[in-house]
Amino acid sequence: MADPMRIRAAARDGTVNVRVLMAHEMETGQRKDSAGNLVPAHFISKVTATHQGKTVLSAQWGPAVAKNPFLEFNFKGGQKGDKIVVTWEDNKGDKRSDEAVIN
Amino acid sequence: MLHSRRKVLKSGGGAGVLALLFAAGIVRPGDVLAQEWNQAAFSTKTVPEALRALGATGPAASGAIQIKAPEIAENGAVVPIAIESKLPGTESITLLIEKNPQPLAASFTIPAGTEPNVSTRVKIGESSDVYALVKADGKFYLAKKEIKITLGGCGG
Amino acid sequence: MKPSSIEKLLAAAALAAAALYPAALVHSQSAVDEIAKYRQQLQDGNPAELWEARGEALWKQKRGPKNASLEQCDLGKGAGVVKGAYAELPRHFADADRVMDLETRLVHCMVTLQGFSFADATRRPFGAGTNRSDFEALGAWITAESRGVVMNVALRHEKEKAAYRLGEKMFYFRGGPHDFACATCHSENGKRIRLQDLPNLTEKTGAQLGYTTWPAYRVSQGELRTFQWRLYDCFRQQRFPELKFTSDASIALTEFLAHNANGAPFNAPAIKR
């Protein structure tokens, strides 16, 4: 099971700012290890963020997204105390879902 | 409509079907981004090919799309990029990096209620133009910015 | 084949861009400013936070033959007191009668509290990808607990003073195949190696900057690197023999550089290229 994400969500004037840090190697599949072998591609391919069951952001990523990805976005309608859930899925089928309380 | 969909679905599975659905105008790129990972688009090797795979025919240049990124990135492994679209009805924001082996880096679907403004970090292999493709009200728009990538030295 | 409208658009954009962008400005002030902007833009959302979370968990986790956590480890301010501890390290510890930096003290606690052998505890000082180092995670969290605290490394005990003097000697000692000392790169203002500015560690501002921004998430490595690592890597770049983990040499050099940073607020974990 992959390491947890760090999610910070802060509400201000009806808009929630969400910042996420995900722990993931984001291997491009083009790098060689010290033995000269290609390290297989391993990267987050899909990301979804939901607030009270409604999707507030969805994304498709390729391996060009940087290692230990950072994501920031803003949505309206969330309030302090609400939960937001962020889920990622990678090209190997691994998944990770974490939630945070909006403060 | 129903008749041609049945014909299309009979002809095979996987990425091939999606391409046919695109061509038949039955599925729009915006829909697909929320579902199957767009293998076809992510494996294209040039920006024009990527734009075609995303169904973005003839995107208009737009000054209402702002790409916030450093002019010079000290290390191409982590380049912070924020894209803000001031176009009304923005549905999706897509980032392409011209000189990368596969230019399509990331694509964000913006549901109603979410600000058309996303920030992330990408790997850029060499000094390159980065493109922001925005779909707003069913039409495509494009903006670009050049980012220089330096080599780091020792220390720091 | 006729160029598509997409290709025409891109070609027009390329021509416009060529007219606007001047030739490479690598050594100009604007380049320096732009790189500063890059560094600034990276500050938000530092992947070091992922190491901090792991470090906090490791501190509290029962491990080793004694199945104990590190929560009773005394980092100099009392058993279990982590807040502000890093800003006072290295320091002399009576129970070991030795000056210790953070890593050495952690090893001491891993051995005495958790029952690990020295060999097991020091097996991996620096991590790479999925082969992680406990010291980088613990280091990230423990140093984060000193963020904002003013550096205050005391030279009270005889051994602390001796370590400082040894560290100072080491700083100016020329050796290795290049006949380099730390001072060769770090004792003048305005020096750089390729595009990396070299802090002048012999004067106050440089000394403070050089110390208070480690550990850092090194973007080029994709890893959280500690001050220990920075010294180790400097030695490697100077073609010196390997700086041994928890050695007196490593502690002495750290004592010298940490004490010289006194008076500045500690500002890490940071993010660097």
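The values are calculated or read from the model by the stated rules, or taken from the named source; none is laboratory data. Worth saying up front: this structure is predicted, and the values here are computed from it rather than measured. For neighbour counting, all protein chains shown are included, and Cβ atoms are generated from backbone atoms with ideal geometry for every residue, glycine included.
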Just one of the numbered conditions (1) crowded, with 23+ Cβ neighbours inside 10 Å; (2) of a type outside the set (Gly, Ala, Ser); (3) more than 18 Å from C:Gly45 (Cβ to Cβ); (4) within 14 Å of chain C (Cβ to nearest Cβ) is not true of B:Ile81; which one?
(3)
So which residues in the range B:102-144 are surrounded by fewer than 21 Cβ atoms within 10 Å (Cβ to Cβ), at the interface with another protein chain (Cβ under 7 Å from one of its Cβ atoms) and of a type in the set (Ser, Thr, Tyr), if there are any at all?
B:Ser119
For A:Ala64, which of the numbered conditions (1) facing another protein chain (nearest Cβ under 8 Å); (2) more than 25 Å from B:Thr114 (Cα to Cα) fails to hold?
(2)
Hey, A:Ala59 closer than 30 Å to B:Glu126 by Cα and either more than 13 Å from the chain's Cα centre (by Cα) or part of a strand (DSSP E or B) (or both) or not
yes
Kindly check whether there is at least one residue in the range A:42-60 that is among the basic types (Lys, Arg) and in contact with a Gly (Cβ under 7 Å, 6 or more places away or on another chain).
no
Selection status of C:Glu71, surrounded by fewer than 18 Cβ atoms within 10 Å (Cβ to Cβ), in contact (Cβ under 8 Å) with a residue 12 or more places away in the chain and touching a helix residue (DSSP H, G or I) at 6+ places or on another chain (Cβ under 7 Å)
yes
Which pairs have Cβ atoms under 6 Å, sit 6 or more apart or on different chains, and link a residue in the range A:24-40 that is at positive phi to one that is aromatic (Phe, Trp, Tyr) and assigned to a loop (DSSP other than H, G, I, E, B)?
A:Met26/A:Phe43
Identify all residues within the range A:1-48 that are small (Gly, Ala, Ser) and either outside any strand (DSSP E or B) or modelled with pLDDT under 95 (or both); write none if there are none.
A:Ala2, A:Gly14, A:Ala23, A:Gly29, A:Ser34, A:Ala35, A:Gly36, A:Ala41
Going through the range A:67-87 one residue at a time, which ones are more than 9 Å from every other protein chain (Cβ to nearest Cβ) and in a strand (DSSP E or B)?
A:Lys83, A:Ile84, A:Val85, A:Val86, A:Thr87
Candidate set: the range A:12-40, residues that are among the hydrophobic types (A, V, I, L, M, F, W, C) and either in contact with a Phe, Trp or Tyr (Cβ under 6 Å, 6 or more places away or on another chain) or surrounded by 17 or more Cβ atoms within 10 Å (Cβ to Cβ) (or both); chosen: the one farthest from B:Phe108 (Cα to Cα)
A:Ala23
Out of C:Asn152, C:Asn189, report the one residue that is without any contact (Cβ under 8 Å) to a residue 24 or more places away in the chain and assigned to a loop (DSSP other than H, G, I, E, B).
C:Asn189
Can you find a residue that is surrounded by fewer than 17 Cβ atoms within 10 Å (Cβ to Cβ), more than 14 Å from chain B (Cβ to nearest Cβ) and not in a helix (DSSP H, G or I) anywhere in the range C:164-171?
no
If you go through the range B:7-30 one residue at a time, do you hit one that is among the hydroxyl-bearing types (Ser, Thr, Tyr), at pLDDT 55 or above and part of a loop (DSSP other than H, G, I, E, B)?
no
What residue, of C:Gly206, C:Gly263, is small (Gly, Ala, Ser), surrounded by fewer than 18 Cβ atoms within 10 Å (Cβ to Cβ) and farther than 26 Å from C:Arg54 by Cβ?
C:Gly263
Residue identified as on the phi > 0 side of the Ramachandran plot, surrounded by 18 or more Cβ atoms within 10 Å (Cβ to Cβ) and touching a residue at least 40 places away in the same chain (Cβ under 8 Å) among C:Thr143, C:Thr246, C:Thr226, C:Thr213:
C:Thr246
